[in-house]
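Below is one structure, written out as structure tokens; the observations come after it.
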């Protein structure tokens with residue numbers, strides 16, 4: 001049944017023919033099974049739902065089964081390999097396409113661990129790139145606020161340096177080591193002390209003002225960093241979800257081509273096996289019986305066609321002869337003449353009545 005053979009003809013054929021077509025049918029069946037598994041896995045990576053993947057996978061497997069069965073059943077053995085090969089060429093091309101479609105999802109499953117490693121590296125790189133891009137968006141404001149904080153702290157530091165210098169100056173004046181070089185707290189000492197105290201008060205005011213500004217700037221800076229982290233957190237799920245079908249196919253393409261190539265060759269061999277088996281198999285008893293049945297049908301159809309043509313020709317000839325004989329019959333002639341007269345009289349009466357009604 002899977003090979004598309006006629007079961008009645010196979011029953012009349014030798015056992016070897018039945019075994020041959022059972023093998024071809026088995027290849028078609030298991031190719032469809034592999035197509036079901038392959039497509040179900042591929043669709044599971046898309047929908048992430050087992051039932052949807054199994055449902056669509058079953059439809060795809062049945063489609064591949066029907067195509068393979070059609071391909072095999074339409075190849076006719078004609079004792080001419082090149083003619084058969086030319087007939088099977090479009091089917092071989094279709095078989096190659098099907099093999100590629102079937103093999104790719106299974107390759108992704110076989111090399112799943114390696115693909116996951118490639119995807120992990122890509123995700124890590126995407127995460128770093130994403131963080132750099134987001135940081136670049138906030139960098140200008142962060143640098144501006146950081147510079148403003150640094151400027152405020154520098155003002156305090158400079159004022160503290162100036163106050164410390166004034167403190168050292170009036171202490172040295174009191175000790176007589178600098179300035180007037182007189183020991184004791186004279187007028188110069190008091191002047192320098194007052195200047196220091198005034199500058200110290202300014203320092204305290206500056207610290208109070210700048211510390212408040214620094215606190216506000218630091219809060220603003222902290223808010224910017226929170227927003228930056230939130231944006232990174234919001235975009236991270238997109239990167240984490242970067243493992244769809246296309247991403248896995250691209251990741252598979254980054255692996256060594258040699259193993260994938262041989263898996264593809266394996267599926268090419270499986271998918272083209274039914275067609276090649278049908279091409280390479282010798283012309284057997286089933287093919288002879290099939291040709292005999294087909295020729296018998298052609299002869300029967302031709303006979304029926306010829307009989308209908310002969311029947312039509314005979315009927316036409318008979319009709320011509322019958323109507324020719326009727327034209328010589330006096331009784332028919334007089335009868336038809338009388339009817340024609342009656343018809344003309346009736347037509348004249350109707351015309352007269354219609355014209356009278358119009359004139360009235």
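The values are calculated or read from the model by the stated rules, or taken from the named source; none is laboratory data. Just so you know, these numbers come straight off a predicted model, no measurement behind them. Note that each Cβ is placed from the backbone with ideal geometry, even for glycine, and that neighbours are counted across all protein chains shown.
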Item to check | Residue within the stretch 336-353 that is touching a helix residue (DSSP H, G or I) at 6+ places or on another chain (Cβ under 9 Å) and over 30 Å from residue 81 (Cβ atoms) present | outcome: no
Item to check | Filter result (in contact with a helix residue (DSSP H, G or I) (Cβ under 9 Å, 6 or more places away or on another chain) and within 12 Å of residue 119 (Cβ to Cβ)) within the stretch 230-244 | outcome: 239, 240, 242, 243, 244
Checklist entry - How many residues are touching a residue at least 40 places away in the same chain (Cβ under 8 Å) and touching a helix residue (DSSP H, G or I) at 6+ places or on another chain (Cβ under 7 Å) when one looks only at the stretch 7-22? => result 7
Checklist outcome for this item: Picking from 233, 222, 174, 135, the residue that is surrounded by 13 or more Cβ atoms within 10 Å (Cβ to Cβ) and free of Cβ contacts under 8 Å to residues at least 40 places away in the same chain would be 174
Item to check | Residue identified as in a helix (DSSP H, G or I) and at pLDDT 80 or above among 309, 273 | outcome: 309
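Quick grid of which residues meet (1) surrounded by 14 or more Cβ atoms within 10 Å (Cβ to Cβ); (2) in the same structural domain as residue 59 (by TED's automatic domain parsing):
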| site | (1), (2) |
| --- | --- |
| 84 | yes, yes |
| 89 | no, yes |
| 94 | yes, yes |
| 105 | yes, yes |
| 131 | yes, no |
| 142 | yes, no |
| 148 | yes, no |
| 163 | yes, no |
| 166 | yes, no |
Item to check | Residues of the stretch 95-124 classified as under 17 Å from residue 255 (Cβ atoms) and at pLDDT 85 or above, total | outcome: 11
